[in-house]
Amino acid sequence: VKQIPIGGENFNRQIAAKLGINISEAEMLRGRLRMESGDRHFAPIRPPTDTEGGPLDSGGDSVGQGEGAGLLQEGQNGVGLDVSTRQVMVDALTLVAEELAREISLCFRYYTVTFRGNRVEEVVFAGGGAHESILLDTLRRQLGIEVEVAQPLRGFDLSSKKINASFHNNGQESHCEWAVAVGLSLKAGSESVNL
């Protein structure tokens with residue numbers, strides 16, 4: 001096992017650095033980018049706030065007067081990302097994703113050299129960041145193999161109303177953020193897993 005210390009927080013830090021904003025604003029903008037790109041994510045999108053914690057006002061074409069002013073714009077479909085902001089964010093996300101791809105490719109090389117004749121054919125991603133389409137697209141392009149989003153609850157009966165409410169209100173069908181919990185519950189050695 002090799003741990004690679006690159007995750008969602010790296011995306012937020014890179015966006016914050018490139019746009020000159022704080023981490024919470026970067027996280028909010030990243031969520032908005034996912035939403036506008038049609039990606040689903042289980043984390044709620046918080047509205048932008050000023051430094052006092054109140055919501056930013058819409059002042060014409062851009063939103064707010066704080067550090068993040070001008071990053072959002074009023075459009076036909078409501079408030080959205082400014083075109084130049086979107087491009088800076090995509091570039092920042094791609095930079096971090098390429099760094100992760102380099103680290104993963106080093107692991108692939110090690111595996112190929114150590115276990116001659118074997119080749120990695122697929123990568124399965126789990127966790128909240130597994131729905132980051134820029135990450136997945138970059139990995140597919142850089143690694144040249146199939147990249148899938150984990151489905152740790154596949155095969156479980158989730159039809160109960162109680163379970164259905166807690167698992168389906170987030171818009172995710174893969175439930176990839178539950179991979180660790182499911183893995184730990186199966187590792188516990190119980191013969192049956194009850195959800």
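A few notes on this one:
- Heavy-atom accessible area order for R30, R13, R119, R140, largest first, 1.4 Å probe: R119, R13, R140, R30
- Placing dummy labels 7 Å off each Cα toward the beta-carbon, the span from V123 to L184 is 2.6 nm.
- Within the full protein context, the accessible area of T112 is estimated at about 60 Å² for a probe radius of 1.4 Å.
- H175, H131, reordered so the largest accessible area comes first (probe 1.4 Å): H131, H175
- Full-extension gain in nm, S84 to E146, via 0.36 nm per residue minus C-alpha separation: 19.2 nm
- Residues whose amide H falls under 5 Å from that of S174, counting only those 5 or more places apart or on a different chain, are absent, with hydrogens built in the peptide plane.
- Extension gain, T114 back to E99 (0.36 nm per residue minus Cα-Cα distance, nm): 3.1 nm
- Interchain or long-range residues, amide H under 5 Å from I21's placed H: none
- Accessible area of K2 in the full protein assembly, 1.4 Å probe (Å², nearest 10): 110
- Amide H contacts of V149 (H built 1.01 Å from N, under 5 Å, at least 5 apart or other chain): F125
- Per-residue SASA entry for L143, accessible area with 1.4 Å probe, Å² rounded to 10: 30
- Exposure ranking of E122, E36 by accessible area [1.4 Å probe, largest first]: E122, E36
The values are calculated or read from the model by the stated rules, or taken from the named source; none is laboratory data. These figures come from a predicted structure and were not determined experimentally. Cβ atoms come from the backbone with ideal geometry, glycine included; neighbour counts cover every protein chain shown. Accessible surface areas use protein heavy atoms only, side chains included; no ligands, DNA or RNA. Shrake-Rupley method; radii C 1.70, N 1.55, O 1.52, S 1.80 Å.
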